[in-house]
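Here's the structure we're looking at; comments come further down.
The values are calculated or read from the model by the stated rules, or taken from the named source; none is laboratory data. Worth saying up front: this structure is predicted, and the values here are computed from it rather than measured. Positions of Cβ are backbone-derived with ideal geometry, glycine not excepted, and every protein chain shown enters the neighbour counts. What goes into the accessible areas is simple: the full protein's heavy atoms, side chains included, and nothing from ligands, DNA or RNA. Shrake-Rupley method; radii C 1.70, N 1.55, O 1.52, S 1.80 Å.
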Amino acid sequence: EIYQCDWSSDVCSSDLQNVIFEKNTITGVPNEGGGISFGRPFWEFNPSMITHNIYAGYNTMLTVQKNEAEGFTTDGGTEAYVGYMSAFTANSVTTSNDLDYQWTGATNHQTLTVTVIQGRGVGQWRQVQSISGRVITVDRAWDVIPDSSSIISVTSSVLRINISHNIIKDTIRGGVTFYGNIYDSVSSYNDMTNTGIEIDSQNYGVLLHVVGVDVIGNNIKLGANTMFPTDPGGAAIWGRNTEGTLVA
């Protein structure tokens, strides 16, 4: 599903899976958002959704100059749980309190991700296989089993986004922005002018993490950089995590 979003981006996606987005040209944006947004909708009582397995390559992105505009961006995500566990095994965790699916949806638990954000096993993440009450079974065993020191976060997820070999020029914010719940993704061999690469977690009442992002072989020419002056002005590649979030 790809559709026009006059409130956000030239092109945005929700629940997008197994898609190649290649050899397109985008110039400018109509309102506030980015050129292309690979996100997951987050509003109250929506069905469960996931965005994963996307390749965006050999596209041209020019003059994205509206407000907070980004070039290629990942955005969106919500949280069903953050906290300690009352039990843990090689392939499951039991939360200390009930999960809240109001914003993540409960129609398909396999769209959710469990991330260890503090304590033993920090930095590991697993997709949910099933949930029964407070018991969450994950899709594969933990490399390091979490324990009573561990804090986990159960969130929606955006997985395996590959943004490579694009021409990106003149964006107000990052030409490639990994933002919010993003896992195992890459920005590689992009030719970028007057823009940058942003790796940024979120904490707007929910904790959204960035885990396993590769930045490889990009050619970035800063020029008169237009990124937000409140961010590291002029930085070609920069990362930021906010309180309580994990960037790993």
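A probe of 1.4 angstrom, applied to the heavy atoms of all protein chains, finds Asp75 with accessible area near 50 square angstrom. In the calculated pair-distance distribution of the stretch 110-248, the portion above 25 angstrom amounts to 34 percent of the Cα-Cα pairs.
Sorted largest first by accessible area at a 1.4 angstrom probe radius, with every protein chain in place, the residues Tyr101, Tyr81 fall in the order Tyr101, Tyr81.
Note on Ser86 and Asp184: with the Förster distance fixed at 25 Å, the Cβ-Cβ geometry gives a FRET efficiency of about 0.30.
When all protein chains stay in place and ligands, DNA and RNA are ignored, the 1.4 Å accessible-area order of His165, His109, largest first, is His165, His109. Note on the stretch 123-248: antiparallel DSSP beta bridges, both residues inside, total approximately 20 percent of the bridges counted. Projected label points at Asp191 and Ser148, each 7 Å from Cα along the beta carbon direction, are separated by 5.9 nanometres.
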